[in-house]
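The values are calculated or read from the model by the stated rules, or taken from the named source; none is laboratory data. This is a predicted model, so every value here is computed, not measured. Methodologically, a virtual Cβ is constructed for each residue, glycine included, from the backbone with ideal geometry; neighbour enumeration extends over all protein chains shown. Please note that ligands, DNA and RNA were not included when accessible areas were found on the heavy atoms of the full protein model with its side chains. Shrake-Rupley method; radii C 1.70, N 1.55, O 1.52, S 1.80 Å.
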Amino acid sequence: MKRERLDKVLANTGLGTRKEVKQLVKQALVTVNGTVATDPGMHVIPEQDEIEVDGHPLDYRRWIYVMMNKPPGVISATEDSRHRTVVDLLPLEWADRVHPVGRLDIDTEGLLLLTNDGQLSHNLLSPKKKVDKEYFARIEGQVRPEHVGHFADGITLDDGYTTKPAQLEILSSGEVSEAKVTITEGKFHQVKRMFAALGLEVVYLKRIRMGPLLLDDSLVPGEYRELTDDELASLKG
Ligand code: URA
């Protein structure tokens, strides 16, 4: 368990900015293990130490797991010099603590998990674990039955890399086609580049599943919620 500054821990639980929580300490409203804290920079172990603010035990949760329906136009990173990021959409007490599990392109929508659980994140992203990711794609051009075989066999991308077997399910086929794609890897722009290698252009992409975790349909783009216990259990499976 990690030792952290008291003011950081207080701010992370949503009690206010660092400056504001320092005032709480100055006003002698914060106790650590029964003793009034005088130094906002003192180190505490939030899972272990009993911290009270104005007589109320601090509600500190070590682990945060958030499902977001990522909207287009935001970057799936924790900071970016030019664009808003997915963590900018979260309340401050989460934003400072979580990171996105993997990346979606700026124009891609859909399921994005954000957490401070590095182990889970690692497990979900590790190529060895082959966690499948399912996407809904709208494609300019006709997706044809023979493309299903190409996806299953692996497609050689523009950089010479041949993708692992992937699943293509054609939902509709015409001037604009719709399909579901399931891949087990996460190469840069992978789905778009797989279609591009077949002469087709993805014009809309949305992730709808990651392993056992399904995007909650009731979340509109930009909305998020915590994972349920069942969802978390299935991910940790
Ligand atoms: N494949 C892509 O091309 N883009 C994404 O955002 C995710 C998968």
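Per-structure values
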item: Per-selection metrics, segment 1-114 (Cα): Rg and Dmax in Å; result: 16.7, 51
item: Gyration tensor (alpha-carbon) shape descriptor, segment 55-170, a/c threshold 1.5; result: prolate
item: Rounded to whole Hz, the Karplus (6.51, -1.76, 1.60) HN-Hα couplings of segment 41-56, x for glycine and proline; result: x, 4, 8, 9, 10, x, 6, 10, 6, 8, 10, 10, 10, 6, x, 9
item: Backbone HN-Hα couplings from phi across segment 212-218 [Karplus 6.51/-1.76/1.60, Hz, Gly and Pro as x]; result: x, 8, 9, 5, 6, 4, 7
item: L92/F188 FRET efficiency (R0 25 Å; Cβ-Cβ; nearest 0.05); result: 0.20
item: Given charges at beta-carbon only (K, R positive; D, E negative), |dipole| of segment 70-144 in Debye; result: 380 debye
item: Convex hull (Cα only) mean projected area of segment 4-57, reported in nm² to one decimal; result: 3.0 nm²
item: Helix-derived mean residue ellipticity, 222 nm - over the chain, DSSP H n ≥ 4, -39500 (n - 2.57), to 500; result: -6000 deg cm²/dmol
item: Modelled FRET efficiency - R0 22 Å, S234 with I170, Cβ distances, 0.05 increments; result: 0.20
item: Karplus 3J(HN,Hα) series, Hz, for segment 152-165 with 6.51 cos²θ - 1.76 cosθ + 1.60 (x for Gly, Pro); result: 5, 7, x, 10, 7, 7, 4, 9, x, 6, 9, 6, 6, x
item: Fraction of the pair-distance distribution of segment 132-210 above 14 Å, Cα-Cα pairs, percent; result: 55 percent
item: Two-site FRET efficiency, T78 against E178, from Cβ-Cβ distance with R₀ of 35 Å, rounded to 0.05; result: 0.60
item: Separation in nanometres of the label points that stand 7 Å from Cα toward Cβ, at Q27 and T156; result: 6.9 nm
item: Sequence-distant residues sharing a close amide H with E223 (under 5 Å, placed H); result: N69
item: In segment 1-95, chymotrypsin sites (Phe, Trp or Tyr not before Pro) in a DSSP loop with at most 16 other beta-carbon atoms within 10 Å; result: Y60, W63
item: Length-normalised contact order for the chain - Cα pairs under 8 Å, 6+ apart - percent; result: 19 percent
item: Segment K2-E201, extension gain: residue separation times 0.36 nm, minus the distance between their alpha carbons; result: 66.9 nm
item: Rounded to the nearest 10 Å², the accessible area of F188 at probe 1.4 Å; result: 150 Å²
item: Trypsin sites (Lys or Arg not before Pro) within segment 1-88, DSSP loop, no more than 16 other Cβ atoms inside 10 Å; result: K2, R3, R61, R62, R82, R84
item: Virtual spin-label span in nm between D132 and H43, 7 Å along Cα→Cβ; result: 4.7 nm
item: Per residue accessible area in Å² of segment 4-57, where ligands, DNA and RNA are left out and the probe is 1.4 Å; result: 56 Å²
item: Surface share of carbon and sulfur [accessible, 1.4 angstrom probe, percent] for the chain; result: 48 percent
item: Spatial extent of the chain: Rg and Dmax, with the Cα atoms as the point set, Å; result: 22.1, 71
item: Size of electric dipole in the chain: Cβ of Lys, Arg +1 and of Asp, Glu -1, about Cα centre, debye, nearest 20; result: 580 debye
item: Selection of GluC sites (Glu not before Pro), segment 128-195, meeting DSSP coil and at most 15 other Cβ within 10 Å; result: E175, E185
item: Listed residues I183, I208 arranged by accessible area, highest first, probe 1.4 Å; result: I208, I183
